[in-house]
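Q: One structure, pasted below without further comment.
The values are calculated or read from the model by the stated rules, or taken from the named source; none is laboratory data. As the structure is a computational prediction, the values presented were derived from the model and not from experiment. Please note: Cβ atoms are built from the backbone with ideal geometry, for glycine as well, and neighbour counts cover all protein chains shown. Surface areas here come from the heavy atoms of the whole protein model, side chains and all, with no ligands, DNA or RNA. Shrake-Rupley method; radii C 1.70, N 1.55, O 1.52, S 1.80 Å.
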Amino acid sequence: MPFTSRHAATAPSREAIDQLTGAAVLEFGTPWCGHCQRAQPLIEQALEDEANVAHIKVEDGSGQRLGRSFGVKLWPTLIFLRDGKEVDRMVRPDSAQSIHEAIEKLI
């Protein structure tokens, strides 16, 4: 699944995330967040050749259960999952290479 440029209209449930199979990157942020906007080209570049890695982009904020269940405090936060289990996480990534290296741990 390629890079997803838009946030999901409805956030998936924690149960749905826990039941994922394969590799996935769960991204928490908001459309108006400057840090999130700066990270988008980096995330897109890192996911460019990763057709087997799902990218799930979730708009986070006050009262959003999924972000709280993962302990998200800053945006963007990337959670790297294998079969619904967290393998790694990255907060405010500063390079496509660092994101790519975290993705490689999933494969």
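Every residue, every condition in (1) charged (D, E, K, R); (2) under 20 Å from L74 (Cβ atoms), yes or no:
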| site | (1), (2) |
| --- | --- |
| F3 | no, no |
| R6 | yes, no |
| P12 | no, no |
| I17 | no, yes |
| L26 | no, yes |
| P31 | no, yes |
| P41 | no, yes |
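Q: Still on this structure, please answer the following. Here is a list: R92, R82, R65. Which entry is more than 20 Å from S5 (Cβ to Cβ) and free of Cβ contacts under 8 Å to residues at least 60 places away in the same chain?
A: Only one candidate qualifies: R65.
Q: So, L106, is that one over 10 Å from the mean Cα position of the chain (by Cα), part of a loop (DSSP other than H, G, I, E, B), on the phi < 0 side of the Ramachandran plot and in contact (Cβ under 8 Å) with a residue 60 or more places away in the chain or not? Lay out the reasoning, then the answer.
A: Values: over 10 Å from the mean Cα position of the chain (by Cα): yes; part of a loop (DSSP other than H, G, I, E, B): yes; on the phi < 0 side of the Ramachandran plot: yes; in contact (Cβ under 8 Å) with a residue 60 or more places away in the chain: yes.
Yes.
Q: Give the residues of the stretch 36-62 that are over 14 Å from the mean Cα position of the chain (by Cα) and either under 16 Å from R92 (Cβ atoms) or open to solvent by less than 80 Å² (accessible area, probe 1.4 Å) (or both), sorted by residue number. Walk me through how you get there before you give the answer.
A: Residues of the stretch 36-62 that are over 14 Å from the mean Cα position of the chain (by Cα), as a first pass: 38, 48-49, 51-52, 61-62.
Of everything in the stretch 36-62, those that are over 14 Å from the mean Cα position of the chain (by Cα) and either under 16 Å from R92 (Cβ atoms) or open to solvent by less than 80 Å² (accessible area, probe 1.4 Å) (or both) turn out to be R38, A51, G61.
Q: Now for a separate question. Which of the residues spanning the stretch 77-92 are among the acidic types (D, E) and either closer than 16 Å to V58 by Cβ or modelled with pLDDT under 95 (or both)? Show your work before the answer.
A: Taking the stretch 77-92 first, the residues among the acidic types (D, E) are 83, 86, 88.
Residue satisfying the conditions is E86 alone.
Q: Let me ask something else about it. Can you name the number of the only condition in (1) within 16 Å of A8 (Cα to Cα); (2) surrounded by 13 or more Cβ atoms within 10 Å (Cβ to Cβ) that R65 fails?
A: Among (1) within 16 Å of A8 (Cα to Cα); (2) surrounded by 13 or more Cβ atoms within 10 Å (Cβ to Cβ), R65 violates only (2).
Q: Identify the residue in the stretch 93-107 that is in contact with a strand residue (DSSP E or B) (Cβ under 8 Å, 6 or more places away or on another chain) and surrounded by fewer than 15 Cβ atoms within 10 Å (Cβ to Cβ) and, among all such residues, is modelled with the highest pLDDT.
A: Ranking the qualifying residues of the stretch 93-107, first place goes to S98.
Q: May I pose another question? Please verify whether L66 is aliphatic (A, V, I, L, M) and under 23 Å from H100 (Cα atoms), treating the condition exactly as stated.
A: Here the answer is no, as L66 does not meet what is asked.
Q: Exactly one of (1) in a strand (DSSP E or B); (2) on the phi > 0 side of the Ramachandran plot is unmet by G63. Its number?
A: Condition (1) is where G63 drops out.
Q: If you don't mind, there's one more thing I want to ask. Look through the stretch 70-92, keep the residues that are open to solvent by 60 Å² or more (accessible area, probe 1.4 Å) and not in a strand (DSSP E or B), and return whichever of them is farthest from P12 (Cα to Cα).
A: R92
Q: So, A16, is that one crowded, with 19+ Cβ neighbours inside 10 Å, small (G, A, S) and either in a loop (DSSP other than H, G, I, E, B) or modelled with pLDDT of 95 or more (or both) or not?
A: Considered against the rule, which asks whether it is crowded, with 19+ Cβ neighbours inside 10 Å, small (G, A, S) and either in a loop (DSSP other than H, G, I, E, B) or modelled with pLDDT of 95 or more (or both), A16 comes out as no.
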